[in-house]
1. So for each of 70-77, 92-99 I average, over its residues, the number of other beta carbons within 10 Å; can you give me the resulting order with the highest mean first?
2. Please identify every one of the GluC sites (Glu not before Pro) in segment 1-103 that sits in a loop by DSSP and has no more than 12 other beta carbons within 10 Å of its own beta carbon.
3. Compute the distance in nm between two label points, each set 7 Å from the Cα along the Cα-to-Cβ direction, one at SER160 and one at ASN87.
4. Taking just the alpha carbons, could you work out the radius of gyration and Dmax for the chain, both in angstroms?
5. For segment 1-91, take every pair of Cα atoms, bin their distances at 5 Å starting from 0, and report each bin as a whole percent.
6. Of the residues GLY29, GLY114, GLY63, which exhibits the maximal mean-square fluctuation in a Gaussian network model of the chain defined by a 10 Å Cα contact cut-off?
7. Distance in nm between label sites at ALA141 and LYS100, each 7 Å beyond Cα in the beta-carbon direction?
8. For the chain, with all protein chains present and a 1.4 Å probe, just round the carbon and sulfur fraction of the accessible area to a whole percent.
Amino acid sequence: MPIEIGQKAPTFSLHDGDGTLVSLSEMAGAPVVVAFFPAAFTGVCETELCTFRDEMSGFTDVGARVVGVSVDSRFTNAAFAAAHNLNFPVLSDYTRGTIKEWDLVFPDLAGMPGYDVARRAVYVIDADGTVSWCWLSDSPADEPPYAEVQDAVKALAQAS
């Protein structure tokens with residue numbers, strides 16, 4: 001089963017576009033939004049990550065961080081982040097270890113057998129590493145409820 005509200009978020013260390021390892025555990029002490037997305041340079045994924053970019057001040061104003069995670073290579077993620085001026089790390093789970101551990105594997109994207117990607121999901125993780133809010137979709141065409149993500153992060157800031 002996917003990780004649920006109240007559970008500790010499994011930590012991960014994944015490469016960003018520059019090849020730097022970014023660890024969830026290193027972000028402890030502040031709220032973190034983790035946005036799993038299926039594939040760079042696809043319509044809904046562009047919309048989603050650009051929306052997080054455009055709403056970044058709502059996160060940084062309360063001390064939260066945002067990271068995106070896909071199975072694309074760090075090179076693809078770097079090009080994707082540059083093309084859309086993303087202002088947060090986009091991490092590569094090219095081994096698919098993280099999406100397996102979080103139980104977020106979306107199999108056979110676009111009818112391509114064996115092309116397993118991340119299920120679209122957004123998690124808000126509190127300063128102690130516990131999931132305080134999550135949204136999961138069974139369809140790569142769905143967008144997350146952005147206002148609810150913002151509200152979840154603001155609630156964490158008000159509680160601390």
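The values are calculated or read from the model by the stated rules, or taken from the named source; none is laboratory data. Predicted, not measured: the structure shown is a model, and the values here were computed from it. Cβ atoms come from the backbone with ideal geometry, glycine included; neighbour counts cover every protein chain shown. Keep in mind that these areas ignore ligands, DNA and RNA; they rest on the heavy atoms of the full protein, side chains included. Shrake-Rupley method; radii C 1.70, N 1.55, O 1.52, S 1.80 Å.
1. Packing proxy ranking, top to bottom: 70-77, 92-99.
2. Working: sites: GLU4, GLU26, GLU46, GLU48, GLU55, GLU101; in loops: GLU4, GLU55.
The qualifying sites are GLU4.
3. Taking the two extended label points, one gets 1.9 nm.
4. Cα-based Rg and Dmax for the chain come out at 14.3, 46 Å.
5. Once binned at 5 Å, the Cα pair distances of segment 1-91 give 3, 13, 25, 24, 21, 12, 2, 0.
6. Among GLY29, GLY114, GLY63, the largest GNM mean-square fluctuation belongs to GLY114.
7. 3.1 nm
8. On the way: 3700 of 7140 Å².
It is 52 percent, rounded to a whole number.
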